[in-house]
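Visitor: One structure coming up, written as structure tokens, with questions to follow.
The values are calculated or read from the model by the stated rules, or taken from the named source; none is laboratory data. This is a predicted model, so every value here is computed, not measured. When the accessible area is computed, the model is the full protein with side chains, heavy atoms only, and any ligands, DNA or RNA have been set aside. Shrake-Rupley method; radii C 1.70, N 1.55, O 1.52, S 1.80 Å.
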Amino acid sequence: MKPRFVIAIAVLGALPLFTACQQRQGERQVNMTPLPSVAAPPYVCDHIPLDAVRLMTGVQDPIVSGDFNMTVGKELDGKDYGSGACFIYQSTGNKPKVLQISLSPAGSEKEVEWEVSQGARRLPEIVPGAVGYYGGDDSADDTQAAAVLVHGLDEVIVELIHGVKGRDNAADVVAMMKLVAPKLILDATPAPEKTKD
């Protein structure tokens, strides 16, 4: 009888450990994979890489609306700028907005300098001649972060409204800016002036 008693005690002793392991396995693991360094299809709103959206929001099948008009400046007043926005929502529950990326002709280098003087971090160089800032709110229930890049008239804003807890959400908005700003800012690489021979 002693061997069965010992086995029963061993089995009962192992149950809490087994249950704890199952609970850890059942917990959702945070995907810590960095956003890609190169934009690649599939895209949402024709310019935003879906894989990057999935990583930074944790939403695998987002609802997407919006678009960008890259010729609106030429159409309205002959200037070279685009406008528009891409809105990304959760596909479940009450479908809250999780990410918004916008482009407008509202750029202001003075605003960037003011935000940096108030504690925002300066963006690294993403587009030649552009300036920007970024920051995050790690105290929020769902981590938030935003990045703003200005080049001439063009202003690109990446606003992460509901990030993934455990990820570096500020780094995510900077990485997304690196992916989308070169596509959205029209005059990022002006053509060289022709010289007469």
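Visitor: Given the Cα-Cα distance of residue 31 and residue 121 and 0.36 nm per residue of separation, how much length would full extension add, in nm?
Guide: Once the chain is fully extended between residue 31 and residue 121, it gains 29.9 nm.
Visitor: Another one. Between rounded, prolate and oblate, where does the range 29-163 land on the alpha carbon gyration tensor, with a ≥ b ≥ c its root eigenvalues, rounded for a/c under 1.5, else prolate if a/b exceeds b/c?
Guide: Oblate shape, in that a/c is at least 1.5 and b/c is the bigger or equal ratio.
Visitor: Counting only protein heavy atoms and a 1.4 Å probe, tell me what percentage of the range 91-157's accessible area is made up of carbon and sulfur.
Guide: Answer for the range 91-157 is 47 percent, counting heavy atoms of protein chains only.
Visitor: Provide the gained length on full extension for the span residue 71 to residue 51, in nm with one decimal, where the gain is 0.36 nm per separating residue minus the Cα-Cα distance.
Guide: My answer for the length gained is 4.5 nm.
Visitor: I would also like to ask the following. What full-extension length gain, to one decimal in nm, is calculated for residue 60 and residue 111 as 0.36 nm per residue of separation minus the Cα-Cα distance?
Guide: 14.9 nm
Visitor: Now, a different point. How would 76, 99 rank on accessible area, largest to smallest, probe 1.4 Å?
Guide: Ranking 76, 99 by accessible area, largest first, yields 76, 99.
Visitor: Right, next: How would the range 64-142 be classified by its alpha-carbon gyration tensor: rounded, prolate or oblate, with rounded meaning a/c under 1.5 and the a/b versus b/c comparison settling the rest?
Guide: It is oblate, given that a/c is not under 1.5 and a/b is not larger than b/c.
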